[in-house]
């Protein structure tokens, strides 16, 4: 039986200055089990598209 490819994501709002280490660890583990995995960091994709004011609010909301 073929296992379908798995997609792991991180969604906003999450602290933008830290990479999604937990997803990288999970991907490494699944790769070792021959489970194909991709990661998409939607948090940083969206963060890079917003204006400076929203970026400031984004970072503040992650510190609460």
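The values are calculated or read from the model by the stated rules, or taken from the named source; none is laboratory data. Everything quoted here is computed from the prediction, not taken from an experiment. Methodologically, a virtual Cβ is constructed for each residue, glycine included, from the backbone with ideal geometry; neighbour enumeration extends over all protein chains shown.
Figure legend. Inter-residue proximity from region 24-49: first residues free of Cβ contacts under 8 Å to residues at least 12 places away in the same chain and at negative phi, second residues part of a helix (DSSP H, G or I) and surrounded by fewer than 10 Cβ atoms within 10 Å (Cβ to Cβ), beta-carbon distance below 7 Å, spacing 6+ or different chains. No pairs are indicated. Elements of the type helices (runs of 4 or more DSSP H) sitting completely within the chain and holding at least 3 residues that are loosely packed, with under 12 Cβ neighbours inside 10 Å and out of contact with any helix residue (DSSP H, G or I) (no Cβ under 9 Å at 6 or more places or on another chain): these cover 21-32, 52-62. Figure legend. Inter-residue proximity from region 1-21: first residues at pLDDT below 80, second residues surrounded by 13 or more Cβ atoms within 10 Å (Cβ to Cβ) and part of a loop (DSSP other than H, G, I, E, B), beta-carbon distance below 6 Å, spacing 6+ or different chains. Indicated pairs: 3/35.
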